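**Student:** What follows is a structure written as structure tokens; I'll ask about it next.
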Amino acid sequence: MSDGGHKLVTGWHSDRLGCGIKVVRWGHFGAPVLLFPTAGGDAEECERFDLIAAISPLIDAGRIKVYACDSVAGRTWLREDVSGRERAATQLRFDAFVASELVPAIRTDCRSDGIEIVGAGASFGAFNALAALCRHPHTFRAAVCMSGTYDLDRWMNGEWCEDYYFCSPLQFVPNLPEGPDLGRLRERFVILASGEGRWEAPGEAWRVAQVLGDKGIPNRVDLWGAHVDHDWATWRHMLPQYLDDLVA
């Protein structure tokens, strides 16, 4: 595996999240890509499962710089000892961390106060990539969502709260009013890729596509076939192709 000799491991204590969080960067130049981990993952999960190796030609060519952080909110969704309200509140705090701490750090590293970011992720990471774009369309220019889990109702234990409404694109996007945020979203692009094999749920991608399409937000559903499973091997094929298309 190659990371071009430009891997940086850093991190800090986030008061918003109430814990320390690790952030890793691979690359020396290029368009910033924020790669969200799966629900139980950490900042280096993508490297351990050879996703960084799969996109290393783009990294080594200086076309992209890749950033990843720990899955603080995702781990909370997996815990059985917390309420749905606490899960949703943690998700919003994670969103605030991304917008107010991680994005400024990425922009400082890229030496550009206004550089736009591509969000990407698989499984629960796809949810975070979609949510980041929909909540912050002036910061994220595209989302690559692979094998996504987008409907979190199953983890809310029958509860409903405002935090859940505002953290879930399936909840808040249908009610977005006309204005600057929706206008900018209509200039963005969402890729919703899914296999149709084991553990995949392509119906969730189609549901997101319907919600986005109803608001005029550009998106595309890509189905990779019945032989393609919810697995790292799938995402190692998907991500290089999509990033190559998105990043000049």
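Every read-out reported here was derived from the displayed coordinates using simple, explicitly stated rules and does not represent laboratory data. As the structure is a computational prediction, the values presented were derived from the model and not from experiment. A quick note on method: Cβ atoms are made from the backbone with ideal geometry, for glycine too, and the neighbour counts reach across all protein chains shown.
**Student:** Which members of the stretch 84-104 meet the condition of being without any contact (Cβ under 8 Å) to a residue 40 or more places away in the chain and among the charged types (D, E, K, R)?
**Tutor:** Correct list: GLU86 only.
**Student:** Residue check, TYR165 against (1) out of contact with any Gly (no Cβ under 8 Å at 6 or more places or on another chain); (2) of a type in the set (Ser, Thr, Tyr); (3) in contact (Cβ under 8 Å) with a residue 12 or more places away in the chain; (4) not in a loop (DSSP other than H, G, I, E, B), all met but one. Which one?
**Tutor:** Every listed condition holds for TYR165 apart from (3).
**Student:** Ok, one more. Considering each of GLY148, GLY121 in turn, give the residue that is touching a residue at least 24 places away in the same chain (Cβ under 8 Å) and part of a loop (DSSP other than H, G, I, E, B). Steps first, please.
**Tutor:** Numbers: GLY121 fails: part of a loop (DSSP other than H, G, I, E, B).
Result: GLY148 is the single residue among GLY148, GLY121 that is touching a residue at least 24 places away in the same chain (Cβ under 8 Å) and part of a loop (DSSP other than H, G, I, E, B).
**Student:** Moving on. Does the stretch 76-85 include one or more residues that are aliphatic (A, V, I, L, M), assigned to a helix (DSSP H, G or I) and crowded, with 19+ Cβ neighbours inside 10 Å?
**Tutor:** The initial filter retains those residues of the stretch 76-85 that are aliphatic (A, V, I, L, M), namely 78, 82.
Within this subset, residues satisfying the condition of being assigned to a helix (DSSP H, G or I) are 78.
Now narrow it down to the ones that are crowded, with 19+ Cβ neighbours inside 10 Å: none.
Checking the stretch 76-85: not a single residue is aliphatic (A, V, I, L, M), assigned to a helix (DSSP H, G or I) and crowded, with 19+ Cβ neighbours inside 10 Å.
**Student:** State all residues of the stretch 144-160 that are buried (at least 16 other Cβ atoms within 10 Å of the Cβ) and farther than 30 Å from HIS227 by Cα; if no residue qualifies, say none. Walk me through how you get there before you give the answer.
**Tutor:** Of all residues in the stretch 144-160, those buried (at least 16 other Cβ atoms within 10 Å of the Cβ) come to 144-152, 155-156.
Of everything in the stretch 144-160, just one residue is buried (at least 16 other Cβ atoms within 10 Å of the Cβ) and farther than 30 Å from HIS227 by Cα, namely MET156.
**Student:** State the number of residues belonging to the stretch 124-143 that are in a helix (DSSP H, G or I) and buried (at least 24 other Cβ atoms within 10 Å of the Cβ).
**Tutor:** 11
**Student:** Would you mind finding the one in LEU17, LEU34 that is under 25 Å from ARG93 (Cβ atoms), in contact (Cβ under 8 Å) with a residue 60 or more places away in the chain and assigned to a strand (DSSP E or B)?
**Tutor:** Numbers: LEU17 fails: assigned to a strand (DSSP E or B).
After applying the criteria, what remains is LEU34.
**Student:** Also: What about CYS46, is it hydrophobic (A, V, I, L, M, F, W, C), touching a residue at least 24 places away in the same chain (Cβ under 8 Å) and buried (at least 19 other Cβ atoms within 10 Å of the Cβ)?
**Tutor:** Values: hydrophobic (A, V, I, L, M, F, W, C): yes; touching a residue at least 24 places away in the same chain (Cβ under 8 Å): no; buried (at least 19 other Cβ atoms within 10 Å of the Cβ): yes.
Spelling it out, it is not the case that CYS46 is hydrophobic (A, V, I, L, M, F, W, C), touching a residue at least 24 places away in the same chain (Cβ under 8 Å) and buried (at least 19 other Cβ atoms within 10 Å of the Cβ).
**Student:** Just to be sure I understand, how many residues within the stretch 37-70 are under 19 Å from SER112 (Cα atoms) and part of a helix (DSSP H, G or I)? Lay out the reasoning, then the answer.
**Tutor:** Taking the stretch 37-70 first, the residues under 19 Å from SER112 (Cα atoms) are 59, 62-68.
Add one more test, that the residue is part of a helix (DSSP H, G or I), and what stays is 59.
Selection size over the stretch 37-70: 1.
**Student:** Moving on to the next point. Counting only residues that are out of contact with any strand residue (DSSP E or B) (no Cβ under 9 Å at 6 or more places or on another chain) and small (Gly, Ala, Ser), which one in the stretch 204-231 is farthest from GLU187 (Cα to Cα)?
**Tutor:** Of everything passing the filter in the stretch 204-231, ALA226 is farthest from GLU187 (Cα to Cα).
**Student:** Sticking with this one: If GLU204 satisfies all but one of (1) under 24 Å from ARG154 (Cβ atoms); (2) acidic (Asp, Glu); (3) assigned to a helix (DSSP H, G or I); (4) over 18 Å from the mean Cα position of the chain (by Cα), what's the number of the condition it fails?
**Tutor:** Of the numbered conditions (1) under 24 Å from ARG154 (Cβ atoms); (2) acidic (Asp, Glu); (3) assigned to a helix (DSSP H, G or I); (4) over 18 Å from the mean Cα position of the chain (by Cα), the odd one out for GLU204 is (4).
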